[in-house]
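The values are calculated or read from the model by the stated rules, or taken from the named source; none is laboratory data. Everything numeric in this text was worked out from a predicted model, so none of it was measured. Positions of Cβ are backbone-derived with ideal geometry, glycine not excepted, and every protein chain shown enters the neighbour counts. SASA here: full protein model, heavy atoms, side chains in, ligands and nucleic acids out. Shrake-Rupley method; radii C 1.70, N 1.55, O 1.52, S 1.80 Å.
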Amino acid sequence: MSDKPRGWLGRLRAGLGKSSNRLTDGIGGIFSERKLDATTLGDLEDLLITADLGVETAARLTEQISNRRFATDVPETEVRAALATDIAAILEPVAQSLDAMSQPAAGPQVILVVGVNGSGKTTTIGKLAQRLHEQGKSVVLAAGDTFRAAAIDQLRLWGERTGTTVIAQDIGTDPAAVAFDALEYARAEHADVLLIDTAGRLHNKADLMAELEKVIRVLRKIDTNVPHEILLVLDATIGQNAHTQVETFKDLVDVSGLVVTKLDGSARGGVIVALADRFGLPIYAIGVGEGADDLRPFTAQDFAESLLGLSN
Amino acid sequence: MFDTLTERLGTVFDGLTRRGALSEADVTAALREVRVALLEADVALPVVRDLVAAVQEHAVGQEVLKSVTPGQTVIKIVHDHLVEALGSEAVEIDLNASTPVPMMVVGLQGSGKTTTTAKLAKQLVEKQGKKVLMASLDVRRPAAQEQLRVLGDQTLIPTLDIKLGEAPVDIARRAMDRGRREGYDVVLLDTAGRLAVDEEMMNEAVAIRDAVKPHETLLVADAMTGQDAVNTGHAFNEKVGLTGIVLTRIDGDARGGAALSMRAVTGCPIKLLGTGEKLDALETFHPDRVVGRILGMGDVVGLVERAQDVVEEEKARKVAAKLQKGEFDLEDMADQLRQVKKMGGLGGIMSMLPGVGKMQKQMAQHSIDDGMIRRQEAIILSMTPGERHRPALIKASRKRRIAAGSGTSVQEINKLLKQFQQMQTMMKKMKKMGGKMPPMGGGMPGGGLPPGALPPGFGR
């Protein structure tokens with residue numbers, strides 16, 4: 001958070017604020033009118049559900065609150081703060097900075113980016129490239145999405161914007177071949193980081209998941225330690241299906257971390273809380289906008305507070 | 001992680017015997033599970049509340065039909081309510097306006113607008129013989145316009161030439177001009193992806209709408225969308241005005257509760273489903289199918305019907321009796337293989353079952369498929385009646401003969417015999433435990449197949 005902490009926090013809050021308004025209004029509504037009784041707790045649980053926390057997590061958090069034995073005339077802010085603390089406690093272990101990603105002893109750091117279609121993989125790679133470039137690192141991008149029309153162009157545009165080399169081949173090329181070439185190139189050029197894009201794929205498509213396994217297998221012919229990180233890009237607007245997404249990608253390609261995108265929308269991304277609880281995968285960054293500098297570190301307390309409208 | 005609704009209800013109604021009518025307590029208990037199932041399917045909470053209230057009112061006092069459990073009765077009522085809520089009839093894309101008919105495609109980023117635009121264009125061209133022009137108004141995302149052009153090239157559908165730096169409204173006007181000049185029937189406008197809360201982008205969509213007055217404004221939404229579906233649907237409908245919804249990525253394993261939320265909050269019909277990455281993977285919306293998914297029960301209704309068609313009552317009873325006496329032989333196993341085939345093969349059954357994504361993967365890994373069923377049937381048919389009745393007779397030389405006769409290998413015969421043995425052991429165990437086998441073809445336990453209809457080796 002070295003650069004413009006106010007600026008980005010403000011943006012995160014502005015983004016999350018939009019989403020938490022309703023939740024906060026709701027909680028305000030509950031507590032200003034009523035006492036903290038069973039009905040109120042039930043409503044609180046419902047409100048967490050509307051933030052996509054999921055039935056189970058919402059129930060557990062509500063139970064924790066009820067076990068704290070608040071006085072029946074407790075002010076609402078106190079309950080909210082307690083909830084935020086509980087949520088932050090779940091998120092704390094997974095909130096990691098991008099610098100915490102595994103680094104190789106020598107050679108380029110290889111990061112494979114995976115996810116379902118439209119989750120924001122290519123954009124995330126562009127933003128990552130920008131950030132790394134600003135840190136003075138040399139970056140190579142591999143256009144491994146050889147399926148989607150114009151995906152290669154999209155990555156090339158990001159390459160131009162961020163002044164990084166893009167290794168690409170024609171549409172329909174085996175993505176494993178693109179990844180292989182890119183790794184050879186990155187090693188030969190002594191690049192610091194290689195970011196590999198992949199085609200979006202639904203996690204229940206066995207053949208496409210097998211293709212992803214092949215990319216990894218082929219990369220490992222060059223170096224058995226790569227990829228050093230496999231990032232799953234998750235769209236915050238997705239609901240409970242995020243569970244099966246993480247589960248399947250983790251099972252099949254051993255995902256090592258998450259990037260959560262589109263947190264500047266009205267979706268609250270509460271499913272992250274449930275995911276942190278269940279999988280404990282580090283969240284390395286969040287996307288709060290379309291600009292190149294809209295990739296931000298994930299901060300547990302800020303996220304929890306924004307989710308509950310406690311910022312400022 | 002998600003239990004199917006039928007399983008959940010199974011536990012609620014455990015210990016309840018069948019009786020005349022649903023009591024209030026029955027319904028309340030059942031609806032608690034229905035609520036969880038709907039929420040896990042990402043149906044928005046306000047929508048869930050309304051639904052549960054409506055069902056509660058309707059279900060209390062309903063007769064529990066003979067041969068069905070109270071749980072199934074509640075599910076039926078919920079099912080019917082959901083189908084009604086989703087609009088029971090399919091609504092087509094409306095082309096009934098003067099040409100060129102302007103259509104606008106809106107939605108959040110990454111929901112699949114551009115692909116949907118191309119799919120829709122392709123369908124209009126190929127199925128209805130329309131002349132269609134596509135134009136991308138997305139000047140924000142790098143290469144978005146290029147993406148539509150590439151899709152146009154693939155489908156041989158013309159796209160508006162790209163002029164760098166042109167404003168979206170101007171692109172829209174230019175598209176309509178060209179549409180008029182060159183006699184197009186439909187002009188499809190693919191707008192920039194936006195987040196519902198983005199005022200600026202929303203205003204842009206409104207400006208485009210005012211400039212071209214679209215006859216159809218379709219909201220493209222991802223079937224995986226969470227609770228935010230109501231906000232998205234509401235925002236687009238209120239600001240831009242919608243005429244229909246296209247639900248994409250229905251080929252994923254999301255339960256698709258967003259369909260219900262969006263329909264409820266916009267009142268717009270769901271017109272199309274995006275069912276895959278191929279450009280012809282666009283289907284008309286079938287409420288029943290989506291309802292089955294939302295409830296996490298697959299198309300169990302259809303499966304029961306199919307099972308009833310195939311499984312002859314009399315035969316089923318005989319097999320059940322045999323099972324209980326532990327007299328199940330290879331002849332019966334062959335019968336069951338045939339039943340599976342008649343029900344549309346494994347693929348047919350699996351596609352109708354809830355929560356089978358994982359199981360299908362496991363099956364693929366172990367190369368369990370319809371071919372295997374065919375081979376197993378061939379193996380059994382290559383045996384003598386004596387062998388079928390007393391598999392213990394089958395030793396090395398008989399195995400070789402059977403393998404030659406069925407065009408398989410001795411290993412496959414060993415595998416089949418082992419499976420058969422496992423089935424027998426399992427049945428003996430169940431008998432010991434005093435577990436009663438429910439009659440087949442009748443009541444469906446826990447949303448599964450009638451136990452007898454499961455192919456060998458699939459029993460737990």
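Things to note:
- Modelled FRET efficiency - R0 56 Å, B:Ala21 with B:His234, Cβ distances, 0.05 increments: 0.90
- Nearest-0.05 FRET efficiency for A:Asp181 and A:Ser138, computed from C-beta distance (R0 25 Å): 0.90
- Under a 5 Å amide H cut-off, with hydrogens placed 1.01 Å from N, A:Ala142 pairs with A:Ile167, A:Leu195, A:Ile196, A:Asp197 among residues at least 5 apart or on other chains.
- Note on chain A: lysine pairs with Cα distance below 16 Å, sequence gap of 8 or more or different chains, count 7.
- Rounded to the nearest Hz, the phi-derived 3J(HN,Hα) couplings of segment B:226-238 under the Karplus curve 6.51 cos²θ - 1.76 cosθ + 1.60 (θ = phi - 60°) are x, 4, 5, 3, 5, 5, 4, x, 5, 4, 5, 5, 5, where x marks glycine and proline.
- If the chain linking B:Lys322 and B:Glu200 were pulled fully straight, counting 0.36 nm for each residue of separation and taking away their Cα-Cα distance, it would gain 36.8 nm.
- Space enclosed by the convex hull of the alpha-carbon atoms of segment A:139-184, per residue, Å³: 51
- Cα-based convex hull, segment A:219-271, per residue volume (Å³, whole number): 71
- At R0 = 41 Å, FRET efficiency that the Cβ-Cβ distance of A:Glu160 and A:Asp254 yields, to 0.05: 0.80
- Per-residue SASA entry for A:Thr57, accessible area with 1.4 Å probe, Å² rounded to 10: 10
- Proximal aspartates and glutamates to B:Lys278, defined as alpha-carbon separation beneath 13 angstrom and excluding residues fewer than eight positions away on the same chain: B:Asp251
- For segment B:372-393, the residues whose amide N sits under 19 Å from a probe point set 7 Å from the Cα of B:Met426 along the beta carbon direction are B:372-377, B:380, B:391.
- Taking max minus min of the alpha-carbon positions on each principal axis, segment A:82-218 gives extents of 54, 38, 28 Å, largest first.
- Beta-bridge orientation, chain A: approximately 10 percent antiparallel, per DSSP, counting only bridges with both partners inside.
- Rg and Dmax, both from the Cα atoms of segment A:244-299 and both in Å, are 11.9, 32.
- One equal scatterer on each Cα of segment A:170-312, no solvent, Debye formula: the resulting log10 I(q)/I(0) at q = 0.14, 0.20 Å⁻¹ is -0.76, -1.28.
- Above 14 Å, the calculated P(r) of segment A:66-123 contains 75 percent of its Cα-Cα pairs.
- Neighbours of A:Ala143, meaning other residues whose beta-carbon lies under 12 angstrom from its beta-carbon, give a summed charge of -2 when Lys and Arg score +1 and Asp and Glu score -1.
- Using a probe of 1.4 Å, the accessible surface attributed to A:Glu189 totals some 110 Å² when neighbouring protein chains are kept in position.
- Label-point gap, in nm, between B:Lys278 and A:Ala71 - each point 7 angstrom along Cα→Cβ: 6.8
- Backbone HN-Hα couplings from phi across segment A:151-156 [Karplus 6.51/-1.76/1.60, Hz, Gly and Pro as x]: 5, 5, 4, 4, 5, 4
- In plain terms, if you count all Cα to Cα distances in chain A and split them into 10 Å steps from zero, the share in each step is 6, 27, 31, 20, 10, 5, 1 percent.
- Ordered from largest to smallest accessible area (heavy atoms of protein chains, 1.4 Å probe), the residues A:Arg68, A:Arg131, A:Arg217 come out as A:Arg217, A:Arg68, A:Arg131.
- Computed on protein heavy atoms with a 1.4 Å probe, the accessible areas place B:His234, A:His203, B:His79 in the order B:His234, B:His79, A:His203, largest first.
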